[in-house]
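The values are calculated or read from the model by the stated rules, or taken from the named source; none is laboratory data. This is a predicted model, so every value here is computed, not measured. Cβ atoms come from the backbone with ideal geometry, glycine included; neighbour counts cover every protein chain shown. Side chains included, ligands, DNA and RNA excluded: accessible areas come from the protein's heavy atoms. Shrake-Rupley method; radii C 1.70, N 1.55, O 1.52, S 1.80 Å.
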Amino acid sequence: MTKRTWALMAATMVSLIYGLSFTIAKDVMPAYVKPFGFILLRVTGAALLFWLLSFFGPKEKIQPKDFPRIVAAAFFGVALNMLTFFKGLSFTSPISAAVIMVTTPIIVLTLSAIIMKERIKMRKIIGILLGLLGTGFLILYGKSVGNASNAMLGNLLVFINAVSYGFYLILVKKLMDKYNAFTFVKWIYTFGFLMVIPFGWNEYQQIQWQQLPLTILWEIGFVVVFTTFFTYLFNLVSMRELKPTTVAVFIYLQPLFATVFAMALGKDQLTWVKVAAAVLIFVGVFLVTKKKS
């Protein structure tokens, strides 16, 4: 099997895990663990696993001048990103959250144009506008079945999470060019851990561990080990061999996996609003990522 095939498989696994996570995390929140308490659990577990793994990785020293970038990456990639996503997911449905996450590549392209002064073609501008229109449509009208207590606020928070992740991808790119990923990821999660403590500590203390069903404990473990730790490792495998735009395309599989999984378990329903929003977003994404023939 070629390195490229392994990279494509790794990228698919990331999308599959994330697709499953929308529904799995929704099972846990907010009935058993509140969103910010869950984030503290997730970041603590991942930070410990990354530090443990770093002892087996390459030994590199980070230059002091790079720590501000690492702190910024921790804010956008761990603290703001995860807090807004889990809080948003506790208010909205798995399908709506997954569809909004598809806007991430569009956001990355927009931020690249603003921050890195990259030129954007008219086709891509149209794609960005269509994608944002679809997202706005979903935020405003994407009412959900089941336990979506405040779909509009939830969808907005998930969108903020996608913007935050876009900033993170741009910040972390320079670090990846300079260091082995295992050198800095443990620091990103360490600073992220310090940032989420004030938000998550109170909700973490409210967890009734003795009353948690075994299935919920397994689902918490899945989010900590697979959704946080393994997805990052799989992303590293895919990013070594594939272009960032190719890796970004795999985000578009997440709504498919999330929708199939959520509907199979009866956790969500497909509505015409979600279909229309998804079509607008996917067309926008296609225009943004389409290569000139």
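So the check is Cβ under 7 Å with 6+ separation or different chains; which pairs have a first residue in the range 78-89 that's closer than 19 Å to LEU169 by Cβ and a second one that's assigned to a helix (DSSP H, G or I) and charged (D, E, K, R)?
Correct list of pairs: MET82/ARG42.
Output the qualifying pairs, or none if there are none: Cβ atoms under 8 angstrom, residues six or more apart or on different chains, first residue in the range 229-257 and over 16 Å from GLY166 (Cα atoms) and in a helix (DSSP H, G or I), second residue modelled with pLDDT under 75 and open to solvent by 30 Å² or more (accessible area, probe 1.4 Å).
From the range 229-257, the pairs are SER238/PHE250.
Go through the range 93-127 and give me each residue that's open to solvent by 30 Å² or more (accessible area, probe 1.4 Å), touching a residue at least 12 places away in the same chain (Cβ under 8 Å) and not in a helix (DSSP H, G or I).
Selection gives MET116 alone.
Within the range 80-91, is there a residue that is of a type in the set (D, E, K, R), outside any loop (DSSP other than H, G, I, E, B) and surrounded by fewer than 22 Cβ atoms within 10 Å (Cβ to Cβ)?
No, there is no match, as no residue in the range 80-91 is of a type in the set (D, E, K, R), outside any loop (DSSP other than H, G, I, E, B) and surrounded by fewer than 22 Cβ atoms within 10 Å (Cβ to Cβ).
The rows are residues; the columns are (1) over 27 Å from LEU175 (Cα atoms); (2) small (Gly, Ala, Ser).
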residue: LEU20; (1), (2): yes, no
residue: VAL33; (1), (2): yes, no
residue: ARG42; (1), (2): no, no
residue: GLY45; (1), (2): no, yes
residue: LYS59; (1), (2): no, no
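Would you confirm whether or not the range 254-265 contains a residue that is farther than 13 Å from LEU41 by Cα and modelled with pLDDT of 85 or more?
Taking every residue of the range 254-265 in turn, none turns out to be farther than 13 Å from LEU41 by Cα and modelled with pLDDT of 85 or more.
Just wondering, is there one or more residues in the range 170-184 that are modelled with pLDDT of 90 or more, among the hydrophobic types (A, V, I, L, M, F, W, C) and in a helix (DSSP H, G or I)?
no
Report every pair of residues separated by at least 6 positions or lying on different chains whose Cβ atoms are under 7 Å apart, first residue within the range 175-192 and on the phi < 0 side of the Ramachandran plot and open to solvent by less than 10 Å² (accessible area, probe 1.4 Å), second at pLDDT below 85 and not in a helix (DSSP H, G or I).
THR183/PRO58
Restricting the search to the range 133-169, which residues are open to solvent by 60 Å² or more (accessible area, probe 1.4 Å), at pLDDT below 75 and in a helix (DSSP H, G or I)?
LEU140, TYR141
Quick one: in the range 222-246, which of the residues that are open to solvent by 30 Å² or more (accessible area, probe 1.4 Å) and modelled with pLDDT of 90 or more is farthest from GLY77 (Cα to Cα)?
Ranking the candidates gives PHE222 first.
Can you pull out the residues in the range 28-73 that are open to solvent by less than 40 Å² (accessible area, probe 1.4 Å), more than 29 Å from GLN208 (Cα to Cα), of a type in the set (A, V, I, L, M) and assigned to a helix (DSSP H, G or I)?
Once the filter is applied, which keeps residues that are open to solvent by less than 40 Å² (accessible area, probe 1.4 Å), more than 29 Å from GLN208 (Cα to Cα), of a type in the set (A, V, I, L, M) and assigned to a helix (DSSP H, G or I), the range 28-73 yields ILE70, ALA72, ALA73.
Would you be able to tell me the number of residues in the range 256-277 that are of a type in the set (A, V, I, L, M, F, W, C) and open to solvent by less than 20 Å² (accessible area, probe 1.4 Å)?
Result for the range 256-277: 4.
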